[in-house]
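Computed from the coordinates by the stated procedures, all read-outs in this text should not be read as laboratory data. Since the model is a prediction, treat every value here as computed from it, not as a measurement. Here the Cβ positions follow ideal geometry from the backbone for every residue, glycine too, while neighbour counts run over all protein chains shown.
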Amino acid sequence: MSTLSADVVESPAAGLESPCSPALPERLESEPVEQALPDTPPRPAWIEIDLGRLKQNFELINRVKPAGLQILSVVKDEAYGHGALPVARTALACGASFLALSTLEEAVALRDRGVGARLLLLGDREEKELPWCLDYDLTCCVSEPHTVAVLGQLAARAGKRVAVHLKINTGMNRYGVRWNEAASLAALIGSTKSLLLEGMLSHFAQSDEVDKTFALQQLARFEQAKRDIAGLGLAVKVKHLCNSGGFLDLPQAHFDMVRLGILPLGVFPSSVCRRIPGIEPVMTVKARIVAIQDLQPGDTVGYGMRYTASSRRRIAVLGLGYGDGFPRVRNQGCVLVHGQRCPLVGGVAMDAVTVDITGVPAAQLWDEAVVMGRQGEDEISVHEVAKLKNSVSYDVLVSWRARLPKLYVNEAVAR
Ligand SMILES: Cc1ncc(COP(=O)(O)O)c(C=O)c1O
């Protein structure tokens, strides 16, 4: 914790009265003011993460899921921008049996911060990453024989039996062994004494749309691989195929575990997938009004003069911009001030967003605006922000930059 002492008004050394300095006020001489500063410098724009809501979302998921279905919490990319550690802790407290990360660094960071839970690394690993996986007790997905051989040798040398999950390509065509070749790789793993074929998985290319034709084809291929592997006499304890969309819409594909990323964060993967009532977004992006300008007709706003006032307008400046991950739009989108929608005017700058608050006469300097999330009765949804970016909710969640401080609320509720 940093402290600010009052050394700027330091009194002269005792007995050495300076002829030039006027006598300092009594209070400052006798009582140096010590002011404690928070750990991070304050900023009038921030991300609020409601851990109470996160817990509630996990509990709602637990309530609707079939008993015995395990949850893997996908906390890659800082749990989609929410902070990997607090989300991981909440997920585990709510009964998640695995966490998944994308990079070795992400997994090592969680281990170094005391997370002892099972960690699954999604994607394939380069050979030089494998000793780290062993050292940090990380579970790898394997897609090809070379990784099986190297990991097997490392595990044997360490005197360990290491669990792996067989990644099966059922149509996504990113990672994995093709479904009709999965059994031979499973046999290789099965014959490697230092490895345990604990899991088999695949990933849906499209699970949250109305048309489930391809998802059902992927499911059929996964089922075939499962039968082929069982035919070898290999028992695979943890079979998993579903992401959030699959969990919601394809109960026949649940198997032993589902991998949930976006749903516990309170965001439905699409506008058409099944809803679980009560699930609410965990992330809210807020910014204060840092300046107000009263415009006359004909006045313009911002770089390139992209907005011209047609009448007298009241314009608020919010202290965040595209440097914080806000989409770089012009005269598009809204924020909430006093629960009312206020349109963006002019272009979004690196550190400033300008909004028309003429319709909110009560709005004042330093009032809180909601850039993404709920305020009063209205909400700027992640999907609405995604439209501004011409992108998807996942991209919006991970795109808020680290320079926006994160404020965790309702932490005690989440424990
Ligand atoms: C392999 C895998 N499984 C599960 C997920 C979680 O997906 P969702 O956030 O839609 O639940 C992801 C996320 O991209 C993934 O890559």
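Here are some notes:
- Under 22 Å of direct C-alpha separation, and excluding same-chain neighbours fewer than eight residues apart, Lys128 reaches these lysines: Lys76, Lys160, Lys167, Lys193.
- The chain: DSSP helices with Cα axial extent of at least 15 Å and average Kyte-Doolittle hydropathy no lower than -0.5: 51-64, 145-157, 213-231
- Taking amide H positions as modeled 1.01 Å from N, with prolines and chain starts lacking one, the residues under 5 Å from Met200 and 5 or more places away or on another chain are Leu166, Val238, Lys239, His240.
- Centre-to-centre separation between the Cα atoms of region 115-130 and those of region 250-285: 24 Å.
- Taking the Cα centre of the chain as reference, the dipole from Cβ charges on Lys and Arg (+1) and Asp and Glu (-1) amounts to some 1800 debye.
- Shape class of region 83-207 from the Cα gyration tensor (axes a ≥ b ≥ c, square roots of the eigenvalues): oblate, since a/c reaches 1.5 or more and a/b does not exceed b/c.
- Sorting Ile262, Ile276, Ile49 by the number of Cβ atoms found within 10 Å of their own Cβ, with the fewest placed first, yields Ile276, Ile262, Ile49.
- Of His254, Val108, Leu265, farthest towards positive along the dipole that unit charges on Lys, Arg, Asp, Glu beta carbons give the chain: His254
- Each of Leu260, Leu234, Leu121 has some number of other Cβ atoms within 10 Å of its Cβ, and from fewest to most they run Leu234, Leu121, Leu260.
- Partners for Lys65 among aspartates and glutamates (Cα-Cα distance below 13 Å; same-chain residues under 8 apart left out): Asp249, Asp256
- Ordering Asp324, Asp137, Asp77 by the number of other Cβ atoms within 10 Å of each residue's own Cβ, fewest first, gives Asp137, Asp77, Asp324.
- Dipole of the chain, positive end: most advanced residue of Leu407, Gly302, Cys141 [Cβ charges, Cα centre]: Cys141
- Part-to-part distance (alpha-carbon centres) for region 374-415 and region 294-319, which is given in Å: 27 Å
- Derived scalar couplings ³J(HN,Hα) [region 286-294; Karplus, 6.51 cos²θ - 1.76 cosθ + 1.60; whole Hz; x for Gly, Pro]: 10, 8, 8, 6, 9, 6, 10, 10, 9
- By definition, a body whose alpha carbon gyration tensor gives a ≥ b ≥ c is oblate when a/c is 1.5 or more and a/b is not larger than b/c, and region 51-265 fits this oblate description.
- Charge sum, other residues only, whose C-beta stays under 10 Å from Ala182's C-beta, Lys/Arg counted +1 and Asp/Glu -1: +2
- Computed about the Cα centre, the dipole magnitude for region 283-380 is approximately 220 debye when only Lys and Arg (+1) and Asp and Glu (-1) carry charge, each at its Cβ.
- Rounded, prolate or oblate (a/c below 1.5 giving rounded, otherwise prolate when a/b exceeds b/c) for region 283-380 by Cα gyration tensor: oblate
- Net charge dipole, region 211-272: roughly 180 debye, given to the nearest 20, about the Cα centre with Cβ charges of +1 for Lys and Arg and -1 for Asp and Glu.
- Share, in percent, of DSSP beta bridges within the chain that are antiparallel, nearest 5: 50 percent
- For the chain, the longest piece that avoids every one of the GluC sites (Glu not before Pro) found in DSSP loops with at most 14 other C-beta atoms within 10 Å covers 127-376.
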